[in-house]
Amino acid sequence: MDLAFLAFAIFFFFTTIILLVQILPLKRKVDLIDLIDKKTKSLLAIIDADSFHVLSASAALRQVLGFSSEELKQHSMREFIFPDDEKLLNTALESSLNKDKTGYAGETTIEHLRLRLKDVRYGWQWYELFGFFTTYNSKRILCCTYMPLNEQILTKADLIEKENLLKVLMNNSFGIIWTMDCLSRQLMLLTPISRERFGIDDHPIGAITSNEEVFTADTLQRFRAMINQRIELLASNGEERDLPQDLEITVQNRDGSTVNMITRSTLEKNDLGKYILYGISLVVPKK
């Protein structure tokens, strides 16, 4: 056998072994990345920072957008963003670009950017975008993740609507709405008191600093006895709240005049184990 050919064969053999040794770990990494792409529920995307075309997207994001990997590469991510939210995106991109020009690479990120993406199944849905810019093959790219926010946004909107409705109802109430921390006996007004409306000294919304200055001694004694009895009963039966109960009270003004009222309240034990009394008080009409 020709010596040169033998040398070449030996060289080729060892080179192949070395390449296999190097390729096998790389293949395992590629397989791992492919597995993560298919199994993760995270909405991940790699985007060309200049054209905003999608270079790569996780299977979960592709499912949301309704495109295959190859189809998605033909589209700009802007196509899936709600038109009214694109201005927010442009502002965030310009801000990051300006920071990048200053040389502060650590600041070239986008965080807490809330926008709507078009979900092929459910229509426009709220997401929070987190991303960072980097360079790959001389191309500036944006690596980002979208966190679903639709449930939180809708819940918050519902809470705001209910809060506004509650304010309207309280403002139109014929009574004084209040709460009391049963441990500290701190009385908190949720609606203001006016002398003109109730015949009671004016008090803004907020805490009553001294119960002794507002209620007669007899009223305070009966009120405390009522609270202690209700706490004991609620603690023994294991319920979260009791049934509404009525109590007649007398409020005293600074000028010595008094006003008789009827209160209706519910005692509740909250998640922290504190007992809170929720009530409303109405002026008793004079006979």
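The values are calculated or read from the model by the stated rules, or taken from the named source; none is laboratory data. Only a predicted model underlies this, so the values are computations on that prediction, with no experimental measurement involved. A quick note on method: Cβ atoms are made from the backbone with ideal geometry, for glycine too, and the neighbour counts reach across all protein chains shown. Heavy atoms of the whole protein, side chains included, go into the accessibility calculation; ligands, DNA and RNA do not. Shrake-Rupley method; radii C 1.70, N 1.55, O 1.52, S 1.80 Å.
The criterion of at least 1 residues that are over 36 Å from the mean Cα position of the chain (by Cα) and charged (D, E, K, R) is met, among strands (runs of 3 or more DSSP E) falling completely within segment 233-287, by 245-252. If only residues of segment 147-183 that are modelled with pLDDT under 90 and of a type in the set (S, T, N, Q) are counted, the one that is farthest from residue 228 (Cα to Cα) is 150. When segment 181-200 is limited to residues that are farther than 17 Å from residue 282 by Cβ and touching a residue at least 12 places away in the same chain (Cβ under 8 Å), the one that is surrounded by the fewest Cβ atoms within 10 Å (Cβ to Cβ) turns out to be 183. A Cβ distance below 9 Å, combined with a sequence gap of six or more or placement on separate chains, defines the contacts here; from segment 272-283, residues that are within 14 Å of residue 197 (Cβ to Cβ) reach residues that are of a type in the set (A, V, I, L, M) and open to solvent by 40 Å² or more (accessible area, probe 1.4 Å) in the pairs 281/262; 282/262; 283/262. Scan segment 263-279 for residues that are open to solvent by 60 Å² or more (accessible area, probe 1.4 Å) and under 18 Å from residue 220 (Cα atoms) and report the count. The qualifying residues number 2.
Looking at segment 201-212 only, could you name the residues that are in contact with a strand residue (DSSP E or B) (Cβ under 8 Å, 6 or more places away or on another chain) and free of Cβ contacts under 8 Å to residues at least 40 places away in the same chain?
Residues of segment 201-212 that are in contact with a strand residue (DSSP E or B) (Cβ under 8 Å, 6 or more places away or on another chain), as a first pass: 201-208, 211.
If the condition is that a residue be in contact with a strand residue (DSSP E or B) (Cβ under 8 Å, 6 or more places away or on another chain) and free of Cβ contacts under 8 Å to residues at least 40 places away in the same chain, then 202, 203, 204, 205, 206, 207, 208, 211 are the ones that fit.
Being modelled with pLDDT of 95 or more, surrounded by fewer than 17 Cβ atoms within 10 Å (Cβ to Cβ) and of a type in the set (S, T, N, Q) is a property that does not hold for residue 209.
Being buried (at least 17 other Cβ atoms within 10 Å of the Cβ), more than 30 Å from residue 264 (Cβ to Cβ), of a type outside the set (D, E, K, R) and in contact with a Ser or Thr (Cβ under 7 Å, 6 or more places away or on another chain) is a description that applies to residue 131. Residues of segment 78-89 that are modelled with pLDDT of 90 or more, touching a helix residue (DSSP H, G or I) at 6+ places or on another chain (Cβ under 9 Å) and open to solvent by less than 20 Å² (accessible area, probe 1.4 Å): 80, 81. Scanning segment 264-287 for residues that are within 13 Å of residue 240 (Cα to Cα), at pLDDT below 90 and among the hydrophobic types (A, V, I, L, M, F, W, C) yields one hit, 272. Considering (1) under 30 Å from residue 124 (Cβ atoms); (2) part of a strand (DSSP E or B); (3) of a type outside the set (S, T, N, Q), the lone condition that residue 177 does not fulfil carries the number (1).
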